[in-house]
Ligand code: ATP
Ligand code: MG
């Protein structure tokens with residue numbers, strides 16, 4: 001191996017011994033006879049100290065390197081209370097592993113504000129910054145802990161196709177592709193497949209995957225390629241069973257992140273407090289009352305960003321469910337309950353992060369609802385088939401990973417939560 005220690009692995013037992021470390025040169029301070037180098041690796045930072053009198057050639061080479069060059073350095077690990085970590089490496093040997101050009105397209109440690117597009121254009125360098133890298137370490141944890149929760153509760157992880165002959169929800173906003181001369185679509189969600197699986201006996205499934213939406217709008221909360229945690233569960237009584245999974249999974253993952261990612265959370269300086277479940281349930285009708293008290297709003301309309309923002313100022317809840325939506329604004333597969341749907345959204349600090357519902361499991365009712373939505377039943381034969389041969393009552397949700405992170409970490413743009421965002425204007429890097 002190139003190195004003996006990561007920056008955070010060195011402890012007092014190493015003091016006085018020889019160690020080898022490696023990483024990126026973040027900063028070099030050359031005081032003439034002595035130079036201090038801040039070296040950064042994947043675990044943190046450390047100080048290298050070079051003394052000219054002792055190693056004149058090495059001193060010259062090291063101090064002439066450009067910032068962000070990659071080196072390995074060996075020498076004595078010396079205790080020193082005055083430097084970070086309580087130790088410094090007195091460099092005796094150095095290998096240049098990769099030279100960095102100057103100037104850098106953007107600074108790594110400079111306090112100067114870099115605009116977001118420059119950051120995204122240079123995402124890899126942007127990721128060298130602690131507070132940016134921290135988002136993706138927390139993202140990794142969220143995926144791990146959400147999975148952990150679901151696996152502990154009887155959910156089987158599945159992987160359904162992302163290329164399909166029918167568009168998931170029968171609506172527009174899909175990317176059409178040429179599939180060997182036939183029309184195909186990139187799926188907007190695993191909706192149809194996860195519902196079909198409910199007839200398979202798998203009972204509870206979840207999927208964490210990419211989805212594609214050709215939404216034209218360019219907002220701080222929409223991506224054209226995004227990831228979600230989707231679940232579907234059979235033999236539910238109603239949508240309340242699904243809501244419990246949504247809130248318990250959220251609380252479990254949030255608490256685990258708070259317990260295990262305190263270093264990263266500090267770097268982002270996010271206020272991650274979340275109340276414990278059960279989260280409040282506010283019906284659509286109650287929400288309408290609030291909206292009508294504060295301005296004009298017509299019953300039956302879907303809630304947009306303006307309404308969600310207004311509700312965030314009027315309701316004192318950080319996180320809550322909106323339940324009992326009008327049937328007309330929910331997808332065809334939502335279970336009707338009079339003029340309402342057994343459907344819910346989970347709102348987190350004024351933004352929808354999850355939509356879910358009890359679904360229709362009765363074939364005849366489903367076909368009727370699809371016709372009411374103007375859908376061509378012939379295009380959905382494969383979806384409908386399992387409903388003809390024994391489909392249990394079921395429900396599920398779709399939970400936007402970037403949406404959750406954006407709210408949990410107090411970030412103002414969803415693009416912060418995805419490595420290489422895809423939006424109207426951006427398909428590179
Ligand atoms: P919105 O109304 O906020 O645009 P939606 O109701 O169209 O969202 P759903 O179809 O309910 O979205 O998708 C389920 C979840 O997937 C949403 O609650 C959200 O967390 C996430 N999501 C949906 N569209 C996007 C998108 N374009 N970018 C990022 N996440 C999305
Ligand atoms: Mg929704």
Hits in the stretch 185-228 (condition: in contact (Cβ under 8 Å) with a residue 40 or more places away in the chain, closer than 19 Å to residue 386 by Cα and assigned to a loop (DSSP other than H, G, I, E, B)): 189, 190, 198, 199, 200, 202, 203
Could you pull out the residue among 264, 260, 294 that is over 24 Å from residue 397 (Cβ atoms) and within 16 Å of the chain's Cα centre (by Cα)? 264
Output for the stretch 374-409, where each listed residue is out of contact with any helix residue (DSSP H, G or I) (no Cβ under 8 Å at 6 or more places or on another chain) and within 16 Å of ligand 2 (Cβ to nearest atom): 400, 407
Could you list all residues from the stretch 330-344 that are away from ligand 2 (no atom under 11 Å from the Cβ) and either at pLDDT below 95 or assigned to a loop (DSSP other than H, G, I, E, B) (or both)? 332, 333, 335, 338, 339, 342
Exactly one of (1) under 30 Å from residue 369 (Cβ atoms); (2) in contact with a helix residue (DSSP H, G or I) (Cβ under 6 Å, 6 or more places away or on another chain) is unmet by residue 333. Its number? (2)
In the stretch 56-82, which residue that is assigned to a loop (DSSP other than H, G, I, E, B) and touching a helix residue (DSSP H, G or I) at 6+ places or on another chain (Cβ under 9 Å) is farthest from residue 33 (Cα to Cα)? 68
Scan the stretch 41-55 for residues that are out of contact with any helix residue (DSSP H, G or I) (no Cβ under 7 Å at 6 or more places or on another chain), within 19 Å of residue 264 (Cβ to Cβ) and not in a loop (DSSP other than H, G, I, E, B) and jot them down. 41, 44
Residues located in the stretch 345-362, provided they are in contact with a strand residue (DSSP E or B) (Cβ under 8 Å, 6 or more places away or on another chain), away from ligand 2 (no atom under 11 Å from the Cβ) and touching a residue at least 40 places away in the same chain (Cβ under 8 Å): 348, 349, 358, 359, 361
Criterion: assigned to a helix (DSSP H, G or I) and in contact with a helix residue (DSSP H, G or I) (Cβ under 8 Å, 6 or more places away or on another chain) - qualifying residue of 231, 236, 258: 258
Please go through (1) surrounded by 16 or more Cβ atoms within 10 Å (Cβ to Cβ); (2) more than 19 Å from residue 249 (Cβ to Cβ); (3) within 24 Å of the chain's Cα centre (by Cα); (4) modelled with pLDDT of 95 or more for residue 155 and return the number of the only condition it doesn't satisfy. (2)
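Does residue 274 qualify as being surrounded by 15 or more Cβ atoms within 10 Å (Cβ to Cβ), touching a residue at least 24 places away in the same chain (Cβ under 8 Å) and assigned to a helix (DSSP H, G or I)?
no
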Just to be sure before I move on: is residue 253 touching a residue at least 60 places away in the same chain (Cβ under 8 Å), over 25 Å from residue 148 (Cβ atoms) and touching a helix residue (DSSP H, G or I) at 6+ places or on another chain (Cβ under 6 Å) in the structure I sent? no
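Here is a check on your reading of the model: is residue 173 within 16 Å of ligand 2 (Cβ to nearest atom) and touching a residue at least 12 places away in the same chain (Cβ under 8 Å)?
yes
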Among the candidates 380, 332, single out the residue that is within 16 Å of ligand 1 (Cβ to nearest atom) and either over 26 Å from residue 407 (Cα atoms) or in contact with a strand residue (DSSP E or B) (Cβ under 6 Å, 6 or more places away or on another chain) (or both). 332
Being assigned to a loop (DSSP other than H, G, I, E, B) and away from ligand 1 (no atom under 13 Å from the Cβ) is the filter; apply it to the stretch 302-329 and report the residue that is surrounded by the most Cβ atoms within 10 Å (Cβ to Cβ). 324
Hey, any hits in the stretch 280-295 for a residue that's touching a helix residue (DSSP H, G or I) at 6+ places or on another chain (Cβ under 7 Å), more than 15 Å from residue 345 (Cβ to Cβ), more than 16 Å from ligand 2 (Cβ to nearest atom) and in a loop (DSSP other than H, G, I, E, B)? no
Please state which one of 179, 185 is surrounded by 15 or more Cβ atoms within 10 Å (Cβ to Cβ) and either on the phi < 0 side of the Ramachandran plot or in contact with a strand residue (DSSP E or B) (Cβ under 8 Å, 6 or more places away or on another chain) (or both). 185
Please indicate, with yes or no, whether at least one residue in the stretch 242-255 is farther than 18 Å from residue 353 by Cβ and more than 16 Å from the chain's Cα centre (by Cα). no
Is there any pair linking a residue in the stretch 299-318 that is closer than 25 Å to residue 277 by Cα and more than 16 Å from ligand 2 (Cβ to nearest atom) to one that is assigned to a loop (DSSP other than H, G, I, E, B) and at pLDDT 95 or above, with Cβ under 7 Å and at least six apart or on different chains, and which? 309/350; 312/349; 312/350; 317/280; 318/349
Scan the stretch 335-368 for residues that are surrounded by fewer than 20 Cβ atoms within 10 Å (Cβ to Cβ) and more than 16 Å from ligand 1 (Cβ to nearest atom) and jot them down. 336, 337, 338, 339, 340, 362, 363, 364, 365, 367, 368
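The values are calculated or read from the model by the stated rules, or taken from the named source; none is laboratory data. Model, not experiment: these values are computed from the prediction. Positions of Cβ are backbone-derived with ideal geometry, glycine not excepted, and every protein chain shown enters the neighbour counts.
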